[in-house]
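Undergrad: One structure coming up, written as structure tokens, with questions to follow.
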Amino acid sequence: MAQFKADEREPLIGGDRPPNTIVLHRSIDEPVMEKGEEKKSAFSGKTGLVVVSILMTELCERLTYYSVVANLVLFCTSKLDIPSSDAANISLVFSGTVYLIPVIGGYISDSYAGKYNTILGSGLIYLLGLFLLPAAAIDYTGWFGKDDEGADYDLSIETRKAYFFMGLIFVAIGTGGIKANVGPYGAQQVQDLGPDAVQSFFNWFYWFINAGSLVAYSGVAYIQQNISFTIGFLIPLASMFIALIIFVAARNLYINTAVGGSILGKAFGVCTATKCGGFKKARQRNGGPYSDDMVDGVISVLRVLPVFLLIIMYWAVYSQMQSTFFLQSERMNVMVGDVKMPAAVLNIFNTVIILVLIPIIDRGIYPLLAKYGRSPSHLQRIGFGMILAALSVVVAGILEIYRKQELSESGGIIQELADDKFNASTLSVFLQVPEFALVGASEVFASISGLEFAYSEAPDFMQGLVMGLFLMTSGIGNYVSTLILVIVKAASAGDPWFPDEINEGKAEYLFFLIGGLMVVNFFVFLIIAKLYKSRASSEADREQERYNTDPIIEKKSRDEFGYHDNPVVTDTRM
């Protein structure tokens, strides 16, 4: 988001402006457009090459990540002999960890390594984990035969588990370091073109994320389930190699910013320097040890935290796609004619709705609303996404009622997925399309707007950290979802809602509980959103305060140059 500052050096006398007006000038990231001048696109020239490079890097990295998580539950149950409920929790804990690590990745980037080096280093760690995943899946006897003494080369289940879980740890570290930085790094390349270019970048950034997801949940998930997990895990390894090659190829074209030293240390120092007397005491102009930029940056971070905390429940709902929704998919009919679709195929519809909606919203709806002065704020869009997310679990609960009713009446069918067998309803798995599509539609509003909100509310030297904090909400959301499952299992032990075999439980109650919690969270979010003051608005207030209290500008001088008390602040950005 563009930053503006009141220019007190310009005597506001004459012209069309009233003499008591402070003009908020554009910064370099929102250039003044001359009449008749064509607006530059973020996707043309050198900038376009850099943007495409980053977007393709993100596509390949997301194809890699979603290929790992697409059938993670199925791999755990069919290859590692882990119970379904434990496998769901492993999936949630892994995804949660993936989105907690960005805080560390953002801190390292902002303080020491810079975004480019952090992304590259994280990618190399990522590759190490991706080598271990196929190592845990390979049928060593089938590939290599027997040794000279006729003994199998195959691994024990415990050894496979060790390889697999170590692989997940390295993947979590790698993708966490990349996630905190690749989005802000891309936005950094276009910020000089103005806030519209930044908004457009984040829309298309999310589009490319879901393009990678589409390939993972369709082609790679099918290969893993119906052909081989070994091949299915080699594909993400190759994809990550390609991602790093594309990213490094444009290394001489990127715009890089200087690192700022220990950002967290300075942030804690600002908080300590206040001595419970407000942030004014921390400022150098008031005798404190820190610059206005640093103090304002810390204030910006503290201000977004309540919003981030309330986004956590949204991610708890979102995480149902890879856990409870997936377990529901396994127990529905996945056959289409003679073709056995992967149980993870429903994620395609989450992705397709995103791929369809983003161009419509970016090129149609948002420009139209802006034309009539009705552009929704970041927080309004996030709130609407929360409503859609709540509807998704309600729909899942209603479907679960009908699924179990049909299963009870028909006796169901025995369905084999990988090496696992399930008693499944004859109802088509495609009846889950609405719940996945609603989550996808919610992402277009809540997730994309959340990314843009985190970027726009953070000062340049804290973007990695703030983006990491936003991504951490997703990780905590996964842990919250796991906690809900644990509490529900313990509280309903006598009449289980979510047992290892969900056909014998009441998973619909779980879905309705999560939906109810999301609704309560939404109403609290409305209150916080109403009270929230944006960074741009706060900066204007601080400039007004500085104007009123600056000891250098004496009252006499102000009168001579046309300055008056209580000046009107005019925003010339529009």
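A short reminder: the numbers here are calculations on the coordinates, not readings from a lab. All figures in this text were calculated on a predicted structure; none of them were measured in a lab. Here the Cβ is made from the backbone with ideal geometry for all residues, glycine too, and neighbour counts use every protein chain on show.
Undergrad: Quick one: grab Rg to one decimal and Dmax as a whole number for region 409-494, Cα atoms only, in Å.
TA: Considering region 409-494 through its Cα atoms, Rg and Dmax are 19.9, 61 Å.
Undergrad: Next question, about the same structure. Taking the highest mean first, how do the peptides 499-507, 172-180, 444-452, 294-302 order by number of other beta carbon atoms within 10 angstrom per residue?
TA: 172-180, 444-452, 294-302, 499-507
Undergrad: Hey, another quick one. Around residue 53, under 12 Å between beta carbons, what's the net of Lys plus Arg minus Asp minus Glu among the other residues?
TA: For residues surrounding residue 53, the net value is +1.
Undergrad: Report, to one decimal in Å, the Kirkwood hydrodynamic radius for region 145-261 based on all distinct Cα pairs.
TA: Computed over Cα pairs of region 145-261, the Kirkwood hydrodynamic radius comes out at 17.9 Å.
Undergrad: Something else about it: At what distance in nm do the modelled label points of residue 421 and residue 116 sit from each other, each positioned 7 Å from its Cα along Cα→Cβ?
TA: It is 5.8 nm.
Undergrad: So for each of 224-232, 249-257 I average, over its residues, the number of other beta carbons within 10 Å; can you give me the resulting order with the highest mean first?
TA: Sorting 224-232, 249-257 by mean packing, highest first, produces 224-232, 249-257.
Undergrad: Quick one: if the Förster radius is 51 Å, what FRET efficiency do residue 527 and residue 140 give, using the C-beta to C-beta distance and rounding to 0.05?
TA: 0.30
Undergrad: May I pose another question? Need the full-extension length gain, residue 487 to residue 360, defined as separation in residues times 0.36 nm minus the C-alpha distance. One decimal, nm.
TA: The span from residue 487 to residue 360 would gain 41.6 nm if fully extended.
Undergrad: Now for a different question. Nearest 0.05, what FRET efficiency do residue 154 and residue 252 give at R0 = 45 Å with Cβ-Cβ as r?
TA: Rounded to the nearest 0.05, the efficiency is 0.40.
Undergrad: Also: Collect residues whose amide H, placed 1.01 Å from N in the peptide plane, falls under 5 Å from the amide H of residue 412; neighbours closer than 5 in sequence don't count.
TA: Amide H neighbours of residue 412, under 5 Å, 5+ apart: 426.
Undergrad: Just list whichever of 340/506; 179/533; 46/179; 79/340; 281/530 have alpha carbons separated by over 22 Å in the model shown.
TA: Violating the 22 Å limit, Cα to Cα: 340/506; 179/533; 46/179; 281/530.
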